[in-house]
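Engineer: Can you read through this structure? Questions will come right after.
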């Protein structure tokens, strides 16, 4: 007999869909996967070197600190100071994580009781909803709309029943829409969250991908009084499989989350921490090199999206292109299934991100230009 909480969630969409895609490939079908944001570019050479060198350390195979080694926390503090102009105490305001996805669960377990309500963006990352349900809290969706640049609308939020709301998830730069982070949005939300006594958490893994300037919610004065920020090395440093994330917040909140985390894992592998330190110290040119590649790929994706009769924002940021279907006679799931079966190209349906994602499809930039060109050729032959 499984726990009742499993009745509130389903297996993650990509967990199921990628099995289907893998089966198609095993059958000899040349599927081009544009669905998932798993960076295909290599990590920085100094990251790999740091990992190799770590095996010479006498404590490399031992349990590690639940808080991460001091050098990693100091590297995170330096990274936040250098790129976001945010000061955080490495001893009390920073907590390394095994990926920011882990942080979503830890935060929810630390602050939510059964029956508490959580504000979740629609469209948004599906894990916010699933984790909320797993801890027996109640998801309350707030709509994001294209005509408001996919930013939260405080007038609408104020008209909602906010009784029992304890936590609000935001995610800027936004996934899946690519909406940019705006300091004006952060300032308004921080003031609003203080007024409503709601914990505000920004999930911030995309701030260096095709952005003019990386932004952090914590750069706003007083943000740590009411908010925390998750970040990750997965997207900006091509280290998705390493599972390295971080949480920055005030000492009280970090201590609360450490109570959960220290009972769920036994520390991050020493070599991974050393690689993370090397990544966080990468020179500015690293991000420019990555973005040059992503910009080239994005231009090709724009051509593909145009062929598929969609409209899109050419100024969006992040690892995806969010495209609106001009023909809405079919659902986004039906559209991507036809493309997959007829052309062996997998694209993500917008509806998996919430009802506000219906009528959209999402393209990943984590695909070599040659494969994007091949996809264009396949669609053109239709």
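The values are calculated or read from the model by the stated rules, or taken from the named source; none is laboratory data. Just so it is clear, the model here is predicted, and its values are computed rather than measured. Backbone-built Cβ (ideal geometry, glycine too); neighbour counts: all protein chains shown.
Engineer: State which residue pairs qualify: first residue without any contact (Cβ under 8 Å) to a residue 40 or more places away in the chain and inside the range 80-100, second residue surrounded by fewer than 21 Cβ atoms within 10 Å (Cβ to Cβ) and not in a helix (DSSP H, G or I) in any location, beta carbons under 8 Å apart, and separation of 6 or more residues or different chains.
Structural biologist: Listed by first residue and then by second, the contacts come to 81/87.
Engineer: Please go through the range 158-174 and give me each residue that is buried (at least 19 other Cβ atoms within 10 Å of the Cβ) and not in a strand (DSSP E or B), ordered by number.
Structural biologist: Correct list: 171, 172, 173, 174.
Engineer: Here is a follow-up. Residues of the range 344-371 being surrounded by 17 or more Cβ atoms within 10 Å (Cβ to Cβ), without any contact (Cβ under 8 Å) to a residue 40 or more places away in the chain and within 29 Å of residue 292 (Cα to Cα), which ones?
Structural biologist: The one that is surrounded by 17 or more Cβ atoms within 10 Å (Cβ to Cβ), without any contact (Cβ under 8 Å) to a residue 40 or more places away in the chain and within 29 Å of residue 292 (Cα to Cα): 349.
Engineer: Related question: So, of the residues in the range 243-282 that are under 15 Å from the mean Cα position of the chain (by Cα) and buried (at least 22 other Cβ atoms within 10 Å of the Cβ), which turns out to be nearest to residue 45 (Cα to Cα)?
Structural biologist: Checking each candidate, the answer is 244.
Engineer: Would you mention how many residues in the range 294-310 are over 15 Å from residue 37 (Cα atoms) and either in contact with a helix residue (DSSP H, G or I) (Cβ under 8 Å, 6 or more places away or on another chain) or part of a loop (DSSP other than H, G, I, E, B) (or both)?
Structural biologist: Count: 7.
Engineer: Would you be able to tell me the number of residues in the range 175-198 that are touching a residue at least 40 places away in the same chain (Cβ under 8 Å), in contact with a strand residue (DSSP E or B) (Cβ under 8 Å, 6 or more places away or on another chain) and crowded, with 22+ Cβ neighbours inside 10 Å?
Structural biologist: Residues flagged as touching a residue at least 40 places away in the same chain (Cβ under 8 Å), in contact with a strand residue (DSSP E or B) (Cβ under 8 Å, 6 or more places away or on another chain) and crowded, with 22+ Cβ neighbours inside 10 Å within the range 175-198 amount to 4.
Engineer: Another question about this same structure. Hey, among 71, 102, which residue is assigned to a helix (DSSP H, G or I) and either in contact with a strand residue (DSSP E or B) (Cβ under 8 Å, 6 or more places away or on another chain) or in the same structural domain as residue 365 (by TED's automatic domain parsing) (or both)?
Structural biologist: From the options 71, 102, the qualifying one is 102.
Engineer: A further question follows. For the list (1) touching a residue at least 24 places away in the same chain (Cβ under 8 Å); (2) more than 24 Å from residue 304 (Cβ to Cβ); (3) in the same structural domain as residue 364 (by TED's automatic domain parsing), I need the number of the one condition that residue 63 fails.
Structural biologist: (3)
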